[in-house]
1. Show me the ranking of peptides 150-157, 519-526, 44-51, 164-171 by mean Cβ neighbours inside 10 Å, starting with the highest.
2. When all protein chains stay in place, what accessible area (Å², nearest 10, 1.4 Å probe) is found for Glu71?
3. If the chain between Glu230 and Tyr464 were fully stretched, how many nm would it gain, using 0.36 nm times the residue separation less the Cα-Cα distance?
4. Ranked from highest to lowest mean number of other Cβ atoms within 10 Å per residue, what is the order of the peptides 58-66, 316-324?
5. Compute the accessible area per residue over segment 291-445, keeping the other protein chains in place, probe 1.4 Å, unit Å².
6. Using the basic label-point model (7 angstrom from Cα toward the beta carbon), what is the Arg530 to Arg488 distance in nanometres?
7. Under 1.5 on a/c is rounded, so check that first for segment 97-149, then, if it is not, pick prolate when a/b is larger than b/c and oblate when it is not; a ≥ b ≥ c are the square roots of the alpha carbon gyration tensor eigenvalues.
8. Compare the peptides 253-266, 348-361 by average per-residue count of other Cβ atoms within 10 angstrom and give them in order, highest first.
Amino acid sequence: MGAINVLSFLGFTGLVAILSYYWTRGTRDDQADSYFLGGRSLTAPVIAGSLLLTNLSTEQIVGLNGQAYSEGILVMAWETLAAITMVITALVLLPRYLKVGISTIPGFLEARYDSGTKTITSILFLSGYVIVLLPMVLYSGALALATMFDVPRVLGVSHTAALWITVWVIGMIGSVYAIFGGLKAVAVSDTINAIGLYLGGLLVPVFGLMALGGGSVTEGISVLYTNNPEKFDAIGASNSSVPFATIFTGMMLVQLFYWGTNQAIIQRALGAKNLAEGQKGLLLAAILKIFGPVIVVLPGIIAYQYFQGELEIADQAYPRLVTAVLPVWLQGFFAAVLFGAILSSFNSALNSSITLFGIDIYREHFNRSAPDAQVVRVGKRFGILLALASMTIAPAIAHAPQGLFGYLQEVNGCYSIPILTIVLVGIFAPRVPPVAAKIGLASGVSLYILSQFVIKPIVGAQSYPHYLHVMFILFAMNVLIMLYIGKRHPMTVSRKPAAPSPVDMTPFRFARPAGAVIVLIVVSTYLIFR
């Protein structure tokens, strides 16, 4: 990249940092609600922007476009179906979370079940973040930026050294936002970056279509569809990465866990100033999510036409297209917003880890009488250790076998579906006792590990059910187990919130009609692309 691109990269990145500091300088970081939940003051645009940018990470942008290059528009299910589960979260789950006034999902489970369930769930969340999420975000982000900036050539170092340097730069900057700024700094910087990322992300397909159509976007669309009609079939075959049948089984469960119970995501809505703002933020994010395939799917199909399907590695589709069609003067800005996406995923997961440790582990098991300032201070120290560990582990992923990322995504099922199971049963079956939740977690984790990492290798991946189907089967089994326990040993006392909600619980008056419109739009996309 030339000097102009480097300056534009540094300029936009610096602007985000300055504005984030300016808009959060009055926020106190010695109170738990202020640090962990942004003082419960987040508004709908901030919640929506933070939700989308936390979700839109480098592995998603590059990975989904790579799958679209190979398989076409059918992979849009990962984007469009998310909108439906965000509507469910806004209408069903968020009111129950805010009514209890909790800071974490494990905190909600404590109110519904007991402290033991909360601790087990917090440990599962932290394990997933430390082992899978944080190192993978750092590695994939560092790989993308090191390639775009040609760090090995610029610094005169090896590719391995360049990766280490980039990982630590991303990790240290992200840690400053997450550890010393708290959720409000993370959410504000996310919102600014989200605007830039969506603008930059939309420019890639626009310039790509112009390249295909000789300067005309409409002509580019015509060329793309005429030459590749098979790429615009949303109905996935049984051997595709997203078989159509999985939309009705495990796909919806994975989406509901991610948007409704994943601490790194739902924490933004938990910081809402009231229920109406939280619902509006989720619904606004859902509307924007419907158009997500334009950024994370369409460029992959454009790349297939542009490069005539000759790329050896599908995951090269997006970065190669960016280099080929984006004007040189825009590449620095795009690198800056991509850098923002990387930071968002990292600092959001790190901030959530700090929250889980400080509130659900330290205060619960080490110092029940600890004042807020001490909980925040201990949480920050834990965050520093976690960040250092992640930055140390991340470069080692380069030496892992090919296809590790897909393997790690499958590993997430070890904790995602069991947690979703006990949350939903806890909401809709109030007589199910705490012991059922513990058994549900234990059976969910152990059965999934047995299925995917013991039985599947023996039977063979080709003849084994898709992992999304496996998730659905195990989810149904665990729900039945918990309901059976609840029938045999029902709770004798209903557990209710000890105090009124800390925020106004008046719902957004148009939440239901807006949610219905969003669901209809998602369904219509499958009627159009079939």
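The values are calculated or read from the model by the stated rules, or taken from the named source; none is laboratory data. Small disclaimer: the values here were computed from a predicted structure and weren't measured. Here the Cβ is made from the backbone with ideal geometry for all residues, glycine too, and neighbour counts use every protein chain on show. Areas reflect the complete protein model, heavy atoms only, side chains present, ligands, DNA and RNA absent. Shrake-Rupley method; radii C 1.70, N 1.55, O 1.52, S 1.80 Å.
1. Final packing ranking: 44-51, 164-171, 519-526, 150-157.
2. 50
3. This chain segment gains 81.6 nm when fully extended.
4. Those peptides, ordered most packed to least, come out 58-66, 316-324.
5. Ligands and nucleic acids excluded, the result is 38 Å² per residue.
6. Distance between the two pseudo-spin positions: 4.4 nm.
7. Oblate shape, in that a/c is at least 1.5 and b/c is the bigger or equal ratio.
8. Packing order, densest peptide first, comes out as 348-361, 253-266.
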